[in-house]
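Structure first, then comments.
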Ligand SMILES: [Zn+2]
């Protein structure tokens with residue numbers, strides 16, 4: 001079983017991120033339908049870029065999330081817990097209604113249809129009224145999203161699991177989608193039906209706040225996340241280009257031969273995680289000892305996440321500041337995360353976080369971010385395009401045609417850069433390497 005709660009925390013972060021993506025997509029289609037202020041999408045020779053956010057929305061606002069730790073009092077904590085509990089009940093109830101409607105009558109319920117049943121539900125279960133009405137509305141939206149994701153995957157030919165009923169303690173966030181919250185003058189966050197909660201306001205919110213989500217982490221820490229619409233902070237344009245290859249020897253290798261080393265904590269966290277999980281396995285189910293050990297596993301996961309996020313944020317910031325065009329390989333993250341090797345799972349998580357931070361930061365800064373297919377990037381010679389097999393143990397690329405001798409990852413980074421620039425029709429600047 002492992003730990004279900006960090007997965008939930010991850011899921012909710014993912015949900016927030018998806019929200020960001022959805023909104024930016026909606027914006028794009030909105031502008032395109034109007035036809036005006038649609039900047040040139042085409043590269044210099046008229047080819048359409050594969051995956052670039054750069055030219056898509058120029059004078060448009062972006063959505064950013066600002067997360068703060070909150071420290072509720074005991075009374076507020078009770079209110080927060082019971083809010084989650086009411087939302088959980090409602091979630092399960094709405095999901096069941098959908099299921100029975102579909103199985104017995106073959107019809108699917110809509111989000112609005114379900115929200116319209118709230119007055120009756122509140123009569124049946126008066127405790128629902130302790131929760132702000134819009135928070136309850138948002139629960140129906142979540143059920144709707146879960147169902148839509150399910151059907152989308154069915155349609156795509158996958159075999160998804162049916163959206164799950166949430167067990168006790170498995171529902172860990174709720175959201176004020178419009179109003180019912182504010183930041184007070186003494187930087188507390190005032191949440192309707194809960195009160196003014198102490199908040200660590202470590203940096204100011206930018207732009208206008210759209211939604212507020214309250215979240216309980218797997219280690220029982222509470223956070224509030226504001227989703228804000230704000231002006232993108234553009235950087236000075238630069239024509240520098242880079243290709244990035246990720247590998248096992250180093251965390252990443254750049255096409256200018258710079259290397260980002262694997263941080264030492266990868267190893268440390270891997271060991272700590274293995275130890276905590278071994279201990280958890282040995283404890284009998286249902287005992288207080290097991291609960292304690294589960295908390296230790298959650299804490300190790302949390303610590304690894306904090307360190308990983310810190311590392312990937314810093315590295316991606318440096319790259320976005322330095323380069324105008326950033327090419328990376330399109331790693332199939334879904335394929336990667338389902339492996340059982342701990343060492344790999346930690347660096348996999350770091351790579352996908354690194355790429356997603358790069359993409360978001362590049363989009364805000366007005367940099368070009370290009371993903372290319374990773375096929376043959378390590379087998380081709382970056383100078384003469386000769387192709388040869390490269391066993392994993394082979395560290396140097398030795399080209400028999402042009403006698404190029406180069407580090408394997410550096411060669412791949414050069415190929416990624418060339419592929420990326422080619423896909424958007426940009427010319428390859430003369431690399432210092434060939435000089
Ligand atoms: Zn060659």
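Listing for the model above:
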quantity: Relative packing of peptides 186-192, 107-113, 153-159 - highest average C-beta neighbours within 10 Å first; calculated: 186-192, 107-113, 153-159
quantity: Label point distance in nm, residue 198-residue 259, each placed 7 Å from Cα along Cα→Cβ; calculated: 4.7
quantity: Cα gyration tensor, region 250-407 - rounded (a/c under 1.5), prolate or oblate; calculated: prolate
quantity: Separation in nanometres of the label points that stand 7 Å from Cα toward Cβ, at residue 281 and residue 208; calculated: 5.4
quantity: Computed label-point distance, nm, for sites residue 81 and residue 103 using a 7 Å Cα→Cβ extension; calculated: 3.3
quantity: Burial ranking of peptide ranges 224-233, 285-294 (average Cβ count within 10 Å, highest at the top); calculated: 224-233, 285-294
quantity: Anisotropy class of region 187-336 from Cα gyration tensor, a/c 1.5 cut; calculated: oblate
quantity: Sites residue 405 and residue 178 - FRET efficiency at Förster radius 56 Å, r taken between beta-carbons, to 0.05; calculated: 0.35
quantity: Distance between region 132-160 and region 214-277 - C-alpha centres, whole angstrom; calculated: 29
quantity: Net lengthening on full extension, residue 122/residue 292 (0.36 nm per residue, minus Cα-Cα); calculated: 57.5 nm
quantity: Cα gyration tensor shape of region 66-230, rounded if a/c is under 1.5, else prolate or oblate by comparing a/b with b/c; calculated: prolate
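Taken together, the values in this text are just the output of simple stated rules run on the coordinates, not laboratory data. Quantities reported herein were computed from a predicted structural model and do not represent experimental measurements. A quick note on method: Cβ atoms are made from the backbone with ideal geometry, for glycine too, and the neighbour counts reach across all protein chains shown.
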